[in-house]
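Trainee: Next up is a structure, given as structure tokens.
The values are calculated or read from the model by the stated rules, or taken from the named source; none is laboratory data. Because the structure is predicted, anything quoted here is derived from the model rather than measured. So basically every Cβ, Gly included, is an ideal-geometry build from the backbone, and we count neighbours across all protein chains shown.
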Amino acid sequence: MNANMKTLVKPQLKPIQVGEQFKTLEVTAEAGAVMPAHYCTSDAVIVVLEGEATLVLEGGDTPLTAGSSFLIPVGKPHTLNVTRAFKAIVTMGSTATLEFTGHK
């Protein structure tokens, strides 16, 4: 294996609760993790509990830090680049799914 090749480390997603209208997921990741390009089939709200990351959306990058939140519009492809150990809660529609746009 080439010593210059980096292994892609993805954030971990863990379901917390599912209700009639909404569900919540916990997102955790170490520094250097990258969530591949994907979109959600509903609007999604991310609330950052710990760490730092950059949400990369068409139209610009958004820094995410502890205490911040962001509304990710339905169908908007995005990636998440983690710069410091990260923990967040994502709320989306109860039947929503994450659809990855590139190679898995």
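Trainee: Counting only residues that are farther than 19 Å from residue 16 by Cα, of a type in the set (Gly, Ala, Ser) and part of a loop (DSSP other than H, G, I, E, B), how many does the stretch 35-66 have?
Mentor: 2
Trainee: What's the number of the only condition in (1) assigned to a strand (DSSP E or B); (2) modelled with pLDDT of 95 or more; (3) not basic (Lys, Arg) that residue 96 fails to meet?
Mentor: Only one criterion in (1) assigned to a strand (DSSP E or B); (2) modelled with pLDDT of 95 or more; (3) not basic (Lys, Arg) is unmet by residue 96, namely (1).
Trainee: Go through (1) touching a residue at least 40 places away in the same chain (Cβ under 8 Å); (2) small (Gly, Ala, Ser); (3) in contact with a Phe, Trp or Tyr (Cβ under 9 Å, 6 or more places away or on another chain); (4) exposed (fewer than 12 other Cβ atoms within 10 Å of the Cβ) and name the single condition residue 94 misses.
Mentor: Among (1) touching a residue at least 40 places away in the same chain (Cβ under 8 Å); (2) small (Gly, Ala, Ser); (3) in contact with a Phe, Trp or Tyr (Cβ under 9 Å, 6 or more places away or on another chain); (4) exposed (fewer than 12 other Cβ atoms within 10 Å of the Cβ), the lone unmet condition for residue 94 is (4).
Trainee: Looking at the stretch 65-78, I want the residues that are under 20 Å from residue 93 (Cα atoms) and have a partner that is surrounded by 14 or more Cβ atoms within 10 Å (Cβ to Cβ) and aromatic (Phe, Trp, Tyr) with Cβ atoms under 8 Å, at least 6 apart or on another chain. Which pairs are those?
Mentor: 74/39; 75/39; 76/39; 77/39; 78/39
Trainee: Say we look at the stretch 13-34 and pick out the residues that are in a loop (DSSP other than H, G, I, E, B) and small (Gly, Ala, Ser); which of these is farthest from residue 89 (Cα to Cα)?
Mentor: 32
Trainee: If residue 10 passes every condition in (1) within 10 Å of the chain's Cα centre (by Cα); (2) more than 16 Å from residue 99 (Cβ to Cβ) but one, which one does it miss?
Mentor: Of the numbered conditions (1) within 10 Å of the chain's Cα centre (by Cα); (2) more than 16 Å from residue 99 (Cβ to Cβ), the odd one out for residue 10 is (2).
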